[in-house]
Amino acid sequence: MRWAIIIPFVTSSGNIMQIRSLGRSDLKIPSICLGTMTFGEQTPEADAHAQLDLALERGINFVDTAELYAVPPKAETYGRTEEIVGRWLVRQPRDRIILASKVVGPGRQMPWIRGGSLDFSRENIRSALENSLRRLQTDYVDLYQLHWPARNQAMFGEWQFDPQKERDCLPIRAQLETLAELVQEGKIRAIGVSNEHPWGVMQFVRLAEEYSLPRIASIQNAYHLLNRTYEVGLAEVCHREQVGLLAYSPLAFGHLTGKYLDNPRAPGRVTNYKGFGQRYEKPGVAPALEAYIRTARAHGLTPTQLALAFVHSRWCVASVIVGASSLAQLKENLEACETTLDSEVRTEIDRLYLLHGSPAP
């Protein structure tokens, strides 16, 4: 089995795509990753394949998906995104693509996935991976991630830890032991976590070292102008332990484009799907959003440029996951990532952060 060979690419604007090591793994990834969660829901297959083609042309050979997708999750679209990616992937030289996927975790009610049995048991992780490989039409994934922790933890808009919500869960060591088997079998190159907190990252690292198990290479967490909680504890942990951040939702579900301020009924996930993205309904979001958008426009930038350039330029980000519901939107987002923020803009961003904090954790 041949692993991916990465070479530098030149973007359409003549810039060289940055290639970075992911944690301590052998993976070399570009500084931008293509997210696929809209494929099969908002984004039809032809447009999805066009997005994948464009990304590859721009030097973005890193694709992130999940068994859960398309989003919002429902029985009718479960696994559809991986199937769409798989029909594109089979036409590519496999060793040119860095492919990431994820296994659904417990704590959420989704009876259409493995009959609702979603703990990270050996049987469930194996079943999830085998089905993902079948849908993706490949015999391995480069990065396999636990979509969220098995234990009780504040996430997806929850803003504080509640010990009253404790639940039984499989120990982290047992989860690592199953992933170790799959790595040894050549079905996974590297492993990662997602929606994690500092305690979890340290446990995964400690147990891997103590028991000679695979070390997590990455953490995929939300990170954007309205949610910089990663910087408080995780940034130090991941820097010292060499765990790379894959920053998702850099546009905060489209809020940071300014479209919902200009038109509260603008088409998008927030308006199309009732109850989706409730973390952005918190009272501090609107004033912070207005301030960032006002700053962007005052400096001759679009709100999208400000938001994406900020995340793409941060020292703590290994790769920013950029998704889009259409090819035109993806083109705009990729160009925005190439924007350079001058010192005056960066200073103003820091001032607004000290004023508004992270209103949408």
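Key figures
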| item | result |
| --- | --- |
| Breaking point among (1) at pLDDT 95 or above; (2) within 28 Å of PRO30 (Cα to Cα), for ARG173 | (2) |
| Selection from the range 134-148 of residues that are open to solvent by 10 Å² or more (accessible area, probe 1.4 Å) and farther than 14 Å from VAL63 by Cβ | ARG134, ASP139, HIS147 |
| Test: ARG108 is in a helix (DSSP H, G or I) and out of contact with any Ser or Thr (no Cβ under 9 Å at 6 or more places or on another chain) | no |
| 3 or more residues open to solvent by 70 Å² or more (accessible area, probe 1.4 Å): qualifying helices (runs of 4 or more DSSP H) within the range 246-361 | 285-298, 327-337, 343-356 |
| TRP112 being under 26 Å from PHE276 (Cβ atoms), surrounded by fewer than 18 Cβ atoms within 10 Å (Cβ to Cβ) and of a type outside the set (A, V, I, L, M) | yes |
| Answer residue from the range 155-170, given it is at negative phi and either among the aromatic types (Phe, Trp, Tyr) or open to solvent by less than 10 Å² (accessible area, probe 1.4 Å) (or both) and is modelled with the highest pLDDT among those | PHE161 |
| Selection status of SER249, under 30 Å from ALA291 (Cβ atoms), in contact with a strand residue (DSSP E or B) (Cβ under 6 Å, 6 or more places away or on another chain) and not acidic (Asp, Glu) | yes |
| Every residue from the range 140-173 that is of a type in the set (D, E, K, R) and over 22 Å from SER212 (Cα atoms) | ARG151, GLU158, ASP162, LYS165, GLU166, ARG167, ASP168 |
| Per-region count, the range 7-33, residues under 19 Å from ILE191 (Cβ atoms) and either modelled with pLDDT under 55 or of a type in the set (A, V, I, L, M, F, W, C) (or both) | 4 |
| Any hit, the range 64-81, residues being of a type outside the set (A, V, I, L, M, F, W, C), in contact (Cβ under 8 Å) with a residue 40 or more places away in the chain and assigned to a helix (DSSP H, G or I) | yes |
| In the range 38-63, the residues that are in contact (Cβ under 8 Å) with a residue 24 or more places away in the chain and in a loop (DSSP other than H, G, I, E, B) | THR38, GLY40, GLU41, GLN42, ARG58, GLY59, ILE60, ASN61 |
| Given (1) in a loop (DSSP other than H, G, I, E, B); (2) under 21 Å from SER121 (Cβ atoms), number of the condition ALA208 does not satisfy | (1) |
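Matching residues to (1) among the basic types (Lys, Arg); (2) in contact with a strand residue (DSSP E or B) (Cβ under 9 Å, 6 or more places away or on another chain); (3) modelled with pLDDT of 95 or more:
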| residue | (1), (2), (3) |
| --- | --- |
| THR38 | no, no, yes |
| ASP47 | no, yes, yes |
| VAL63 | no, yes, yes |
| ARG87 | yes, no, yes |
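The values are calculated or read from the model by the stated rules, or taken from the named source; none is laboratory data. Treat the numbers as computed from the prediction; the structure is a model and nothing was measured. A quick note on method: Cβ atoms are made from the backbone with ideal geometry, for glycine too, and the neighbour counts reach across all protein chains shown. The protein model used for the area step is the full one, side chains on, heavy atoms only, and it has no ligands, DNA or RNA in it. Shrake-Rupley method; radii C 1.70, N 1.55, O 1.52, S 1.80 Å.
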